[in-house]
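Working notes, beginning with the structure itself.
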Amino acid sequence: MRPEPGQVLHFSEDPSITRFVPLEKYVWAVGFARSPDYWFPRQCPRAMAWVTSDSSAEDRERIIGPGCGGRVHAVEYGWLERMRTVSLYAYRLPADVFGQLGDNAHVAVEPVVPLGPPERVGDLFALHEEAGISLRVLPNLWPFWDAVTETSLGWSGIRLRNALARSVE
């Protein structure tokens, strides 16, 4: 599930939104490259890493792994059932009403009406597979997150406040 040219996407578990109104200043959306960051239940904590032009071969091998393409997403075991059963929807929004915030976020400061009805995203595991994104399931995200953030890879974490507590070893 990715936007077409001239579009950005907003992902939601609510299929009844007819108008997006800025909350805390903005209506948020994502473009093509960052859409996979949102192929998860909304509250699901996830850590992601991907190869960039500045990534070292060592970091790619150590974090992404052999035969895993150029991107990996990680979640905790406790979220697997929710990933299997969530009803996630994508709203297509007109890109021309959005500005860029940072490298990846698209934001609008005025209300935005979707271009059509929401589309059911479908099988989140199949989306990852079709996109060539390795999906890791871990007992705890923090060791992976700590390793990823010390690399030359691109990385992002979403809803990490919902992850299990760090293990004390």
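The values are calculated or read from the model by the stated rules, or taken from the named source; none is laboratory data. The structure displayed is predicted, hence computed values, not measured ones. For neighbour counting, all protein chains shown are included, and Cβ atoms are generated from backbone atoms with ideal geometry for every residue, glycine included.
Some observations on this one:
- Residue in the stretch 95-108 that is over 15 Å from R136 (Cβ atoms) and of a type in the set (D, E, K, R) present: yes
- Restricting attention to the stretch 4-39, the residues that are within 23 Å of L160 (Cα to Cα), of a type outside the set (A, V, I, L, M, F, W, C) and free of Cβ contacts under 8 Å to residues at least 12 places away in the same chain add up to 1.
- Complete set of residues in the stretch 1-36 that are part of a loop (DSSP other than H, G, I, E, B) and among the aromatic types (F, W, Y): F32
- Residue list for the stretch 128-161, restricted to those being among the aliphatic types (A, V, I, L, M), surrounded by fewer than 18 Cβ atoms within 10 Å (Cβ to Cβ) and not in a loop (DSSP other than H, G, I, E, B): V137, L138, A147, I158, L160
- Residue under evaluation V75, criteria (1) touching a residue at least 24 places away in the same chain (Cβ under 8 Å); (2) assigned to a strand (DSSP E or B); (3) out of contact with any helix residue (DSSP H, G or I) (no Cβ under 8 Å at 6 or more places or on another chain), criterion not met: (3)
- Count of the stretch 37-63 residues, restricted to those that are part of a helix (DSSP H, G or I), more than 16 Å from the chain's Cα centre (by Cα) and not charged (D, E, K, R), is 2.
- Test: residue in the stretch 48-59 that is in contact with an Asp or Glu (Cβ under 8 Å, 6 or more places away or on another chain) and either of a type in the set (S, T, Y) or surrounded by fewer than 20 Cβ atoms within 10 Å (Cβ to Cβ) (or both): no
- Residues of the stretch 142-164 satisfying the condition of being more than 17 Å from R34 (Cβ to Cβ), of a type in the set (A, V, I, L, M) and in contact with a Pro (Cβ under 6 Å, 6 or more places away or on another chain): A163
- Residue in the stretch 87-106 that is under 16 Å from the mean Cα position of the chain (by Cα), at pLDDT 95 or above, more than 18 Å from F32 (Cβ to Cβ) and in a loop (DSSP other than H, G, I, E, B) present: yes
- Restricting attention to the stretch 110-127, the residues being surrounded by 18 or more Cβ atoms within 10 Å (Cβ to Cβ) and over 29 Å from V97 (Cα atoms) number 0.
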